[in-house]
1. Consider R218 carefully, then state whether it is surrounded by fewer than 23 Cβ atoms within 10 Å (Cβ to Cβ) and either among the hydroxyl-bearing types (S, T, Y) or not assigned by TED's automatic domain parsing to the domain that holds G342 (or both).
2. Conditions: (1) more than 18 Å from I320 (Cβ to Cβ); (2) touching a Lys or Arg at 6+ places or on another chain (Cβ under 7 Å); (3) surrounded by fewer than 21 Cβ atoms within 10 Å (Cβ to Cβ). R148 meets all but one. Number of the miss?
3. Taking the options R378, R447, R351, name whichever one is outside the structural domain of V132 (by TED's automatic domain parsing) and under 24 Å from D43 (Cβ atoms).
4. Which ranges mark the helices (runs of 4 or more DSSP H) fully within region 177-282 that have 2 or more residues being basic (K, R) and more than 16 Å from the chain's Cα centre (by Cα)?
5. Inspect all residues belonging to region 65-87 and state whether any of them is touching a Cys at 6+ places or on another chain (Cβ under 9 Å), at pLDDT 95 or above, part of a helix (DSSP H, G or I) and crowded, with 19+ Cβ neighbours inside 10 Å.
6. Cβ-Cβ distance below 7 Å, separation of 6 or more or different chains: which pairs start in region 392-418 with a residue that is in the same structural domain as P336 (by TED's automatic domain parsing) and under 21 Å from E442 (Cα atoms) and end on one that is among the small types (G, A, S) and at pLDDT below 90?
7. May I ask you to list the residues in region 371-406 that are over 16 Å from L437 (Cβ atoms), out of contact with any strand residue (DSSP E or B) (no Cβ under 6 Å at 6 or more places or on another chain) and at pLDDT 95 or above?
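The values are calculated or read from the model by the stated rules, or taken from the named source; none is laboratory data. This is a predicted model, so every value here is computed, not measured. Using ideal geometry, Cβ is built from the backbone for each residue, glycine included, and neighbour counts are taken over all protein chains shown.
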Amino acid sequence: MNFRTIIEPFRIHSVAPLRMTTEAQRRDAVAAAGYNLFGLKSDDVMIDLLTDSGTGAMSRDQWAAIQHGDESYAGSPSFEIFKDAVQHLFPFTHVIPTHQGRAAEKIIFTALGGSGRSIPNNTHFDTTRANVEYTGATAVDLVIAEGRDPASLHPFKGNMDVARLDAFLSEHKGSVPAVFITLTNNSGGGQPVSLANLRETSAVCKQHGVPLFLDACRFAENAWFIREREAGQQDRAVADIVREIASLADGMTMSAKKDPMGNIGGWLALNDDALAEQCRNLLILTEGFPTYGGLAGRDLEALAQGLKEVVDHDYLRYRIRSTAYLGDALIQSGVPVMQPIGGHAVYLDARALLPHIDPLHYPGQALAVALYEAGGVRGCEIGTVMFGKQADGSECAAAMDLVRLAIPRRTYTQSHIDYVIEVCQHVAATAKDLRGLNIVSEPKQLRHFTARFAPRN
C-alpha cells in the first residue's frame, strides 16, 4: 500500500543543536551584515536553506570511508577508488579531481575561453558565468522560452533551445570552443533537462564539430525526473540513465558538494587527451597533483561512497517528494513559486509576490531578508542582484527574480519544513509592506556574495 506520509529512508545518528533566536536578534544580525544573508553567522540562522552545496549530512558509510582514506601526495589508492566510482557512472577517459566545482570551471574555461569566444549553456549559474567572463569570453543562455516563465508547467523547463543553439553555432562558427548544459538548471529554478533534449543537443554539437560538456552537479535528481516524467524511461535504473547522459557528452564539470553528497570536492572529466593534459597542467598550478587535486584522500573516498548512495531509488524518491512537499504546500497557500517544483530547491517568485518593488530595487533580496527576519530561514536571491550586473558595468533586470530555498541532503526533517511553510505564509501575508533595497557597496564580479544593502525609505 502507498501511504501519503514521506518518511526519510534513514535514521538520525548524530545531531547538531539549532540556536533559537528572536526576531529582534535577527533584525540586528541582518542589519549588521548589510542585509546580505551571506554575511550572517551560521549560529544566527535557524533553518539554513542558503544552498545545498556541501551542507548535507554524510552517511555512516561515508564517515567510515574517511577513516580508510590514504593521504599520499601522489598515487594514492584513494584516487583509484574515486576514479573508479566516477567512471562507473561517467565513463570519460580522464578524471581530474578538484577541491570544488568552480575550480573545475576555472580550469576548463581557462583552457577553452578567451576574448572573442562564446560559451552557450541552457543557463549559466553565477560562478560559471563569472569564470567564462573572466577569460574575456561571452556566456550565452539558450534555455527554452518556458524556462523563463515561472508559471509554466512544462516538465523539462531546463531544456536547451536546440533551434537557437543550431543557429548560434552557424552564426559564430569557429568562435565556440564548447557547449555546456546544466543538470538540473539551477538558475532556472532547478528544472530538469529531458533525455530527448540531451540527444538533440548532442546531435547538433556533433554536426557543428563542437564538444558538449555537462555541468552535472545534480545529475541524479535530473535522471530521476527523466525516469518519472519522460515516456519510455519509467522502468530504467537511474544509474543507467546517468550513463546514457554521459555517453552523449564529451566531458563534464562537477561540484561534488551536491549529488555526490560530499562536504567538499569536485572534478573535471573529459575524453580529449590534449585538452586533458592542458587541464592537468593548470590543475598542478592551482589545485595540486592530479591524483588529489586539492582534496585529502579521505575526501576522495567519501565522494566515491556518495556516488553509490545517490543513485539509490529509495533515496531519490524521498529527495524529490520531500522537496515537492514544501512546494505543494506553498502553492496551496497561494504563495507564487516556480513550477513544476525542482529537485533540490523550491524557488519563490519574488517578482510576482512583490509587484510593487521594481526589479532594480531587488524584490528577491527584500523577500529573502524578510524570511530571515520573520523566522530565521536563510534563502538565496536568484535574480537581479545575482544576474543584473552586466559585463560592461551596466545593470538591467534579470529574466526572473526568485528566492531559492535549497534543501540540504539528509539534514532537515518534515517538522523543519512545516516551520518553513509557516514562515513563508506569514511573510506572504504581509508582502505589501515590504520595501526594496539599494546597493551601498559591491565588488566588480559576483556581487551577491559580498554586496551590502540598505532598505529604501
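1. Considered against the rule, which asks whether it is surrounded by fewer than 23 Cβ atoms within 10 Å (Cβ to Cβ) and either among the hydroxyl-bearing types (S, T, Y) or not assigned by TED's automatic domain parsing to the domain that holds G342 (or both), R218 comes out as no.
2. For R148, the exception is condition (2).
3. Selected residue: R378, the only one of R378, R447, R351 that is outside the structural domain of V132 (by TED's automatic domain parsing) and under 24 Å from D43 (Cβ atoms).
4. It comes to 195-208, 219-229.
5. Scanning region 65-87 turns up no residue that is touching a Cys at 6+ places or on another chain (Cβ under 9 Å), at pLDDT 95 or above, part of a helix (DSSP H, G or I) and crowded, with 19+ Cβ neighbours inside 10 Å.
6. E395/G388; C396/G388; A397/G388; A398/G388; L402/G189
7. Selection gives A374, G375, G376.
Matching residues to (1) touching a Ser or Thr at 6+ places or on another chain (Cβ under 8 Å); (2) without any contact (Cβ under 8 Å) to a residue 60 or more places away in the chain:
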site: S42; (1), (2): no, yes
site: D52; (1), (2): no, no
site: D61; (1), (2): no, no
site: A65; (1), (2): no, no
site: E80; (1), (2): no, yes
site: S118; (1), (2): yes, yes
site: H124; (1), (2): yes, no
